[in-house]
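Colleague: Let me give you the structure first, and then I'll get to my questions.
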Amino acid sequence: MIAQAIAQVPLLAQDEGKTAIPLDHFYVTPRHGSNVIRRALRNFHFGAYTGFGRTYFNNQIEGFGVYQAPGSLPELFTSSTATRYTNWITDAGTNTTAPGSYIVANPGTANLGFKGHAINIPLGLTVDYEFSRYRFGGGYSYEMMSIGTLHSKILNDKIGDMKAASSTGFVRKYWGMAGVSFYRWNEYLFTADLQVGSYKLKSNYNAGQVTPSTFINLGVTIEREMSEYFKVYVRPAYEIKSYDLAIAGSGKSIHYNINALYVNVGFTYSIPELPRCFLATCHAQINHAHGNKEYRSRRHPIYKKQNPGYGENDPVLIKYKGKNKKKLNPY
């Protein structure tokens, strides 16, 4: 008898395996998740930002002399003061009125140049594709730039300050971007990124005289995940760029270095892989199914961190919040 019972154990185990009902048998057909478009878009992040920047103007006046009449802005000349050049920051013009004897620096004077700064306020849009630690993308920005006063590097007691005839204008930019995440501290992710693109000085600049360079922008993006799909960030950056301003009639141009420091703040949003639950009365906090189709919770606001596996509508208990933190027995 004992031998017969032992012999039947494998058979019972085998029968038990055959009659067990897997979880997916609760659904008439296999569960369907997101569609092809959502799966393709889930790693794309769309963003917007603003911020503050400071541009540093620096030039060398090579081949020009400085003509400084009392009470006037400094003018440039080449070989003769009969033709002098004005507004030589944004839109160079000429002055042919009879000159006096106000030459303070002849052509070829060493270290002759000007420097100053401008204030920038950008508005930008970005898109990038992320996989693993890497991201690639691009962006567009339109920023206001207000040019301040430029000061002479030499002979400050003789050469006055220079101001643009129209100090406020706009800068339009397009760029491509590549980045790599290199460090995480608690909820903050640090990503080094490089932007390379083109820019155009508009409004107060004469486009026919200006030849801008390619710009290179190096920065570190510090992100905080507010939820699965929504992030906020701050990005300090240093930008390298320049332009040449052709002085009509002189056959020469002035080279300006206009490197800049920026601190931008913004957000990114990615399209969720699963559609939002259609049932208004559904209180599920996890990714779940109705019938054979999967949905994400409708209880997950984009500004709160959520765990799509088990839900996390409020990770901090009431007894640890607000004034309850000081109570010995909050209940």
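Colleague: Once you treat every alpha carbon in the stretch 155-294 as an equal point and sum by Debye, what is log10 I(q)/I(0) at q = 0.12, 0.17, 0.19 Å⁻¹?
Modeller: Log-scaled intensity ratios, in q order: -0.74, -1.05, -1.16.
Colleague: Can you pull the semi-axes for the stretch 46-269, root of five times each eigenvalue of the Cα gyration tensor, sorted largest first, whole Å?
Modeller: Working: eigenvalues 363, 45, 38 Å².
For the stretch 46-269, the ellipsoid semi-axes come out as 43, 15, 14 Å.
Colleague: Using 29 Å as the Cα-Cα cut-off, could you pick out the over-long pairs in K163/K202; K115/K252; K241/K304; K173/K231? Show your work: numbers first, answer last.
Modeller: Numbers: K163/K202 17 Å; K115/K252 19 Å; K241/K304 39 Å; K173/K231 24 Å.
Flagged as over cut-off: K241/K304.
Colleague: Additional query: Considering the options G176, T81, I222, tell which one lies farthest towards the positive end of the dipole of the stretch 46-269, charges being +1 on Lys and Arg and -1 on Asp and Glu at the Cβ, about the Cα centre.
Modeller: Checking the options against the dipole of the stretch 46-269, the answer is T81.
Colleague: Three principal axis extents, largest first, for the C-alpha atoms of the stretch 79-143, in Å?
Modeller: Here the spans come out as 67, 25, 19 Å, largest first.
Colleague: Which ³J(HN,Hα) values in Hz, rounded to whole numbers, follow from the phi angles of the stretch 123-135 under the Karplus curve 6.51 cos²θ - 1.76 cosθ + 1.60, where θ = phi - 60° and Gly and Pro get x?
Modeller: 10, x, 10, 9, 8, 8, 10, 10, 8, 6, 8, 10, 8
Colleague: Using θ = phi - 60° and the Karplus form 6.51 cos²θ - 1.76 cosθ + 1.60, what ³J(HN,Hα) does each residue of the stretch 45-58 get, whole Hz, x for Gly and Pro?
Modeller: Residue by residue, the stretch 45-58 yields 10, 9, x, 9, 8, 9, x, 9, x, 9, 9, 10, 7, 7 Hz.
Colleague: Rounded to the nearest 0.05, what FRET efficiency do A280 and S166 give with R0 = 56 Å and r taken as the Cβ-Cβ distance? Could you check?
Modeller: Working: r = 56 Å, r/R0 = 1.00.
In this case the efficiency is close to 0.50.
Colleague: Once the mean 1/r over all distinct Cα pairs of the stretch 183-238 is inverted, what Kirkwood radius in angstroms do you read off?
Modeller: Values: mean 1/r = 0.0717 Å⁻¹.
Result for the stretch 183-238, one decimal place: 13.9 Å.
Colleague: State the antiparallel share, in %, of DSSP beta bridges confined to the stretch 46-269, rounding to the nearest 5.
Modeller: For the stretch 46-269, the DSSP antiparallel bridge percentage is about 100.
Colleague: Still on this model: For the stretch 185-240, which GluC sites (Glu not before Pro) are in a loop by DSSP, counting at most 11 other Cβ atoms within 10 Å? Can you show the working numbers first?
Modeller: Values: sites: E187, E223, E225, E228, E239; in loops: E187, E228.
When the GluC sites (Glu not before Pro) of the stretch 185-240 are filtered for loop state and at most 11 Cβ neighbours within 10 Å, E187 remain.
Colleague: Give me the one-decimal Kirkwood hydrodynamic radius in Å for the stretch 131-210, with the sum taken over alpha-carbon pairs.
Modeller: Values: mean 1/r = 0.0612 Å⁻¹.
So the Kirkwood estimate lands at 16.3 Å.
Colleague: Working out 0.36 nm times the residue gap between A82 and A207, then minus their Cα-Cα distance, what length gain in nm do you get to one decimal? Working shown, then result.
Modeller: Values: separation 125, 0.36 × 125 = 45.00 nm, distance 2.64 nm.
Result: 42.4 nm gained on full extension.
Computed from the coordinates by the stated procedures, all read-outs in this text should not be read as laboratory data. These numbers were taken from a predicted model, which means no experiment stands behind them. Neighbour counts are summed over all protein chains in view; Cβ atoms, including those assigned to glycine, are modelled from backbone coordinates with ideal geometry.
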